[in-house]
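Notes follow the structure.
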Amino acid sequence: MGLPELEVKQTIALLCLAAPALGQDDVPSAPIATTIRLDVRTAPLIDLWFSLRADEEPPPYDAPGRELRSAAVRAIDVLEREVGSPLALGLVEGYLPGATDGAELVAAFAQLPEVRVMAGPRGNRRVELRRLATDAGRTLVAYEEVWRSEVWPAREAELARKVELLTLTFASERTHPALLHALSALGLRRTESDLLLPVYLTLDMPWPGAVTHRVPGGAASFVATSDAEGSLLPEIVLHEALHQVDAAFEGPSLLSSLREALAAAGARRNDQAALPHLLLFVAAADATRARIAPEHVDYGEARGVYDRSGPHAAEVLEAWRAHRAGELTRRQLVAEVVTIATGAPPR
Ligand SMILES: [Zn+2]
């Protein structure tokens with residue numbers, strides 16, 4: 001059985017934040033030269049939060065602040081289970097970039113709705129979002145001091161090395177070449193305002209190891225580094241950055257055209273979400289190979305994402321390659337993907 005329909009809807013809403021809609025008579029203004037840059041960074045509170053979420057085993061006996069850490073892991077685990085999915089947790093994690101410490105995070109959680117109705121496999125559930133998040137935040141605060149003095153310094157040094165390496169990997173004055181490559185491939189290049197794309201590196205994170213959430217004033221990505229060897233890490237960073245641009249993008253893009261065409265043709269809901277996402281995957285992989293590491297193997301291949309992207313993934317990837325080789329225009333690619341997904345040419 002696939003994902004329940006409501007769950008998929010929620011996932012799409014969180015991953016593909018609504019771009020501002022143009023009014024009926026609005027004509028997109030001419031593109032102007034804009035700067036789109038990745039801002040790879042790290043923050044102790046964010047690393048702490050995701051490291052607590054990633055803990056599955058009780059901490060070792062000699063771990064600093066063991067009991068406090070266990071309590072925080074349990075409280076965050078309760079929150080995560082109640083909310084129901086790592087993506088839906090964005091409702092809470094969207095407040096992480098704006099807070100410098102746990103106390104500020106707990107204060108920000110006061111803005112959460114008291115009760116949120118969450119869709120799940122067994123119907124809608126009422127989740128006491130503010131109370132659960134505040135409980136989790138308070139246990140984090142109780143452990144934070146030990147963590148900052150005894151655990152964070154070594155992690156900070158390791159993360160600083162990765163931030164430096166990635167910043168060098170993507171370096172360019174105005175727009176990072178690998179990012180530009182992927183943006184052009186997806187038709188996401190023309191934005192009307194500058195975009196700075198924050199990407200927070202953490203050492204650990206539970207599945208899927210990287211996520212992009214809506215945050216006040218925009219979006220932010222969170223990427224775990226410990227399980228991403230070699231050129232997989234820059235591909236993952238690019239992938240998440242593409243989600244941010246896709247969310248902020250004002251005009252039609254390959255992704256928005258494909259979403260509209262799949263919906264109009266009545267494609268299965270899973271395909272409506274998975275196939276544009278598949279193109280985002282392969283565009284990030286292609287850009288990594290073209291601009292960063294010629295021997296790069298796609299994350300989708302290395303980690304089996306392509307195999308898990310539904311029955312049409314192989315054919316869609318083939319159509320993508322034909323498009324990139326100049327054998328299919330963008331419009332033809334969209335039509336081809338719709339035909340593959342629905343078994344009939346689009347009307
Ligand atoms: Zn994604």
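Some notes on this structure:
- Local electrostatic count, M118, Cβ distance below 9 Å [Lys/Arg +1, Asp/Glu -1]: +2
- For q = 0.09, 0.11 Å⁻¹, Debye-computed log10 I/I(0) when each Cα of the chain counts as one equal scatterer: -0.52, -0.77
- Each Lys or Arg adds one and each Asp or Glu subtracts one; over the other residues with Cβ under 15 Å from the Cβ of S70, this totals -3.
- Potential lengthening of the chain between R308 and T339 amounts to 9.2 nm, from the contour at 0.36 nm per residue minus the alpha-carbon distance.
- Largest to smallest principal axis extent of the C-alpha atoms in the stretch 254-342, angstrom: 38, 27, 19
- Spatial extent of the stretch 155-258: Rg and Dmax, with the Cα atoms as the point set, Å: 13.9, 43
- The local environment of E145, defined by Cβ-Cβ distances under 13 Å, has a net charge of -1 under the rule Lys, Arg +1 and Asp, Glu -1.
- The dipole here belongs to the chain: it is taken about the Cα centre, uses +1 on the Cβ of Lys and Arg and -1 on the Cβ of Asp and Glu, and is about 840 debye.
- Spin-label pair E104/E56, simplified geometry with 7 Å Cα→Cβ offset, distance in nm: 3.3 nm
- Fewest-first sequence of V245, V146, V115, V223 by Cβ atoms within 10 Å of each Cβ: V115, V146, V245, V223
- Theoretical FRET efficiency, 1/(1+(r/R0)^6), r = Cβ-Cβ of E114 and Q332, R0 45 Å, to 0.05: 0.35
- Segments 82-94, 314-326, 56-68, 204-216 sorted - mean Cβ within 10 Å per residue, highest first: 82-94, 204-216, 314-326, 56-68
- Model label points for E260 and R131, set 7 angstrom from Cα along the Cα-to-Cβ axis, are 4.5 nm apart.
- Dipole of the chain, positive direction: furthest Cα of N270, T202, V163, with charges on the beta-carbon: N270
- Here T329, T288, T339 are placed in order of increasing Cβ neighbour count within 10 Å, fewest first, which gives T329, T339, T288.
- Only helical runs count toward this figure. For the chain, summing -39,500 (n - 2.57) over DSSP H runs of n ≥ 4 and dividing by all residues gives -16000 deg cm²/dmol at 222 nm.
- Full-extension gain in nm, A247 to A290, via 0.36 nm per residue minus C-alpha separation: 13.0 nm
Every number here is computed from the coordinates shown, using simple stated rules; none is lab data. As the structure is a prediction and not an experimental result, all values here were calculated from the model. Every residue, glycine among them, receives a Cβ derived from its backbone with ideal geometry; neighbour counts consider all protein chains shown.
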